[in-house]
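The values are calculated or read from the model by the stated rules, or taken from the named source; none is laboratory data. Computed from a predicted structure; not experimentally measured. So basically every Cβ, Gly included, is an ideal-geometry build from the backbone, and we count neighbours across all protein chains shown.
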Amino acid sequence: MVFGYALYHELYVIASRFPFAQETILVFLGAVATIFLTALLLERQTELELSKDARVHLFDQKNSVYMAAIEKVAESAAKRDPDPALIDELRVIGHKLAVIASPEVIKSFSSVLGRLLRGLNDGNLTNADAEEVMHAVAELTLGMRCDMLDEIGSAKNDTAQELIRRNSRQMERLDDLDEA
């Protein structure tokens with residue numbers, strides 16, 4: 001940097017006898033500065049684009065794994081009997097969650113699996129067991145929602161949490177009407 005300044009100063013002083021040469025040197029230095037700043041800005045923009053693409057990819061992965069988890073647990077609760085294929089799929093989903101999910105989601109998924117396991121211990125899932133599993137799924141959904149919204153910069157919303165819980169309770173009442 002010091003060498004560059006010394007060279008510039010020397011060339012500028014030598015060219016002081018020729019004003020056109022001074023202007024040419026200034027134009028050249030302006031072009032070099034413009035190229036340098038443009039390169040820095042392009043490098044930063046590329047970094048931001050790559051970071052954004054990585055976040056979008058992670059968001060998509062989380063979304064697909066979260067939806068698969070909800071669907072497989074609901075399928076298990078609907079079948080009411082232990083299904084080795086579904087259990088294997090839940091195991092794989094558990095491993096996927098371990099890689100990409102927040103600790104809150106992993107804890108909620110563990111709670112869902114625990115309730116599913118307790119319900120299936122006697123051979124099949126009763127209506128009460130299925131309701132417990134689906135309440136745990138509602139809590140899992142809250143964790144997933146918070147995790148996904150944190151990814152895009154939204155804050156927790158207590159109203160949304162209460163609405164999700166209320167929907168779960170209303171679905172339970174609909175199930176009770178269907179059974180009656």
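Looking only at residues in region 159-180 that are at pLDDT below 65 and among the charged types (D, E, K, R), the one that is nearest to residue 74 (Cα to Cα) is 175. Considering only residues in region 93-102 that are touching a helix residue (DSSP H, G or I) at 6+ places or on another chain (Cβ under 9 Å) and in a helix (DSSP H, G or I), the one that is surrounded by the most Cβ atoms within 10 Å (Cβ to Cβ) turns out to be 97.
In this structure, residue 51 does not satisfy being touching a residue at least 24 places away in the same chain (Cβ under 8 Å) and among the hydroxyl-bearing types (Ser, Thr, Tyr). Within region 73-109, being touching a Leu at 6+ places or on another chain (Cβ under 8 Å) and under 18 Å from residue 138 (Cβ atoms) holds for 73, 75, 76, 77, 90, 105, 106, 108, 109.
Scanning region 115-158 for residues being of a type in the set (A, V, I, L, M, F, W, C), modelled with pLDDT under 85 and either part of a loop (DSSP other than H, G, I, E, B) or closer than 30 Å to residue 57 by Cβ (or both) gives a total of 4.
Looking across region 47-81, just one residue is crowded, with 16+ Cβ neighbours inside 10 Å and in a loop (DSSP other than H, G, I, E, B), and that is 80.
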